[in-house]
Every structure is written in C-alpha cells, then in structure tokens.
Amino acid sequence: MDIKTALYSLGVRDDTLSAGEKRSLDEDGYLPIPGILTPAQVQALRNRLQELEDEEGEDAGKEVHQEDGTDRLANLANKDPLFDQVWANPKVLAAMAHVLDGDLKLSSLNARAALPGHGLQALHCDGSHNSADFAPELKDGRRRYNVCNSIWLLSDFTPENGATRLVPGSHLFGVDPGEGMEDPRAPHPDEILVQGKAGTVFVFNAFTWHGGTVNRSDSPRRALHCYYCRRDLKSQTDQRALFRPETAARISEAQRVVLGV
Ligand SMILES: O=C(O)CCC(=O)C(=O)O
C-alpha cells in the first residue's frame, strides 16, 4: 500500500484541514488543534506513561535522548496500543501531510515531562538548515520541508508550568537559532508561549524555532512529541529495528505504512 492510500484509509481527506488551518501552517509555522483528546483519554495516557516511567527507571528515554530535569520516554508506538490514537490521528496526519506534501512516516513518538524548576531549552529546530538530509530545499520560490513535529498537551500549558515557546514564522528565516541569535537560550522578542488545555495538539513545522521553558509550578508539565519525516529519511527511532511482534499483530496495513515498517 502506498502512503496516499494509507492516509486515505486512516481518514485523511483533502478537506480534513480548513484553508485557514493550512494557511497557519504555511505562514505561522504552527497550528493549534484543541480538543483532540478527551479528559479521559488524557488521563489514560498519563497513567500509562507513569507506569512506563516506573518500569523503565533509569533507562527511560534512552532509545532517543535523556535530559536533566525532565522525565522522557521513547518508542511509545511499540509500548502500548493506547498510543495508536496519537501517531495515527487523522487530523494530525492531515497537518503533517500538508507540510510534508503527503510524503511521511513516523520518525518518533516520545514523552517529555518538564519537572518543577527545570525544562529550559535553547530555541532550536528539529533538524538543521546545515544538515544535508534535513535542510529545507528552496524550489520554485517555495521551501520543501522534510520534518514536522507535534506536541500533545497532557497537562494544561500555562505561562507558569514550562509551556513550549516558539517564534511564529521562523520556519521561513532560513537559519537555525544558533546562527540567528546571539544566545538561543535567551527570550526571543517575537516568541509566543504554546498555551492550552490538556488534550490540545500543536502541530509545528520542525523548522519553526521552539524550545521548552522553565516549569515554575509544583507539578510536572507533561506532553508527547509525535514527530514525522519524509519516507526516504532516517527516522529518529529506527522503527524497523524497534518494531515488536505485538505491534505487528495489532496494527492495520495502513498503520504499518505510516510507521514505515
Ligand atoms: O516539550 C517541550 O516543551 C519542547 C521540547 C523540545 O522541543 C525538544 O525536546 O526538542
């Protein structure tokens, strides 16, 4: 099955996104989608993540990245069927397909909780303008992007609790924050905070400058990162190597195509 057929089979249509939503992705480099998850779904995901954190202990997140002051988990597509609603969500897949011209597969599905007092990251792109594989190519006056990310709010994101910051329109700057700013850890004059209720998803072009902020509340700020890339690129987690028999037994052919396995 090809990716076009797979996306159709998973419910993605040309009009799944409105013209305004497509414009937000093109011009602002991000799109908030409120209410993707119900409070019950959010709670179930939080409970499962807590169980996985307890089971994995010091190894949690190792498949991709560990970060001081955060609890991270990786390879979630293979760790519970509960996560299928995330990586195979038609609305989010439609947004990914818009940015990546319909040429996509899952690159990684990770969790990140910024712990109280922690979470500040330098503004960054996921991928780099200096990378031969990932840099957007300029073609007929239009940038062809290779990677697109989404952040799934599993806590309400507020100005206090380490909400992600991003710089609207920065996917068009053509440079990484390390080149465009003296200190990418410092506030950017045009940055906004990604705020919303748990259950909201922000899809953002991976070249939109973004990063975590400090969690000044007394509880962890929880989120999932569901990241896609073009099909011919190396994914952040090696989906083939990490693909488990129980995942193979469970998922549809269309879902296999989205995983790229
Ligand atoms: O969780 C966040 O607020 C953003 C995290 C992020 O951009 C990253 O870990 O690369």
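Residues that are part of a helix (DSSP H, G or I), out of contact with any strand residue (DSSP E or B) (no Cβ under 8 Å at 6 or more places or on another chain), at pLDDT 95 or above and closer than 25 Å to Gly260 by Cα do not occur anywhere in the range 55-62. For the range 12-34, does any single residue satisfy the condition of being within 16 Å of the ligand (Cβ to nearest atom) and touching a Gly at 6+ places or on another chain (Cβ under 8 Å)? Yes, because at least one residue in the range 12-34 is within 16 Å of the ligand (Cβ to nearest atom) and touching a Gly at 6+ places or on another chain (Cβ under 8 Å).
Condition check for Gly127 on (1) modelled with pLDDT under 95; (2) part of a loop (DSSP other than H, G, I, E, B); (3) surrounded by fewer than 21 Cβ atoms within 10 Å (Cβ to Cβ); (4) not β-branched (Val, Ile, Thr): one failure, at (3). In the condition set (1) of a type outside the set (Ser, Thr, Tyr); (2) modelled with pLDDT of 95 or more; (3) within 16 Å of the ligand (Cβ to nearest atom); (4) crowded, with 17+ Cβ neighbours inside 10 Å, Ala97 is compliant with all but (3). Inspection of the range 34-41 identifies no residue that is outside any strand (DSSP E or B), crowded, with 17+ Cβ neighbours inside 10 Å, in contact with a Leu (Cβ under 7 Å, 6 or more places away or on another chain) and of a type outside the set (Phe, Trp, Tyr). Among residues of the range 71-87 that are on the phi > 0 side of the Ramachandran plot, those with a Cβ under 9 angstrom from a residue that is in a strand (DSSP E or B), sequence gap 6+ or separate chain, pair up as Asn75/Ser108; Asn75/Leu109; Asn75/Asn110. Considering Ala113, Ala60, Ala88, Ala95, the condition of being closer than 18 Å to Gly29 by Cβ and of a type in the set (A, V, I, L, M) is satisfied by Ala95 alone.
Evaluated against (1) in a loop (DSSP other than H, G, I, E, B); (2) over 29 Å from Pro136 (Cβ atoms), Asp101 falls short on exactly one condition, (2). Residues of the range 149-183 that are within 12 Å of the ligand (Cβ to nearest atom) and in a loop (DSSP other than H, G, I, E, B): Leu154, Ser155, Gly162, Ala163, Thr164. Of the residues making up the range 206-234, those that are part of a loop (DSSP other than H, G, I, E, B), within 12 Å of the ligand (Cβ to nearest atom) and surrounded by fewer than 21 Cβ atoms within 10 Å (Cβ to Cβ) number 1. Surrounded by 20 or more Cβ atoms within 10 Å (Cβ to Cβ), more than 16 Å from the ligand (Cβ to nearest atom) and touching a residue at least 60 places away in the same chain (Cβ under 8 Å): is that true of Leu104 in this structure? Taking the combined requirement at face value, the residue satisfies it.
Here Val203 clears all of (1) surrounded by fewer than 21 Cβ atoms within 10 Å (Cβ to Cβ); (2) more than 13 Å from the ligand (Cβ to nearest atom) except the condition numbered (1).
Residue-level analysis places Ser150 outside the set of residues that are within 22 Å of Thr70 (Cα to Cα) and surrounded by fewer than 24 Cβ atoms within 10 Å (Cβ to Cβ). Only residues that are surrounded by 19 or more Cβ atoms within 10 Å (Cβ to Cβ), among the aliphatic types (A, V, I, L, M) and more than 15 Å from the ligand (Cβ to nearest atom) were counted in the range 53-85, giving 1.
The values are calculated or read from the model by the stated rules, or taken from the named source; none is laboratory data. All figures in this text were calculated on a predicted structure; none of them were measured in a lab. Glycine gets a Cβ as well: all are built from the backbone with ideal geometry, and neighbour counts include every protein chain shown.
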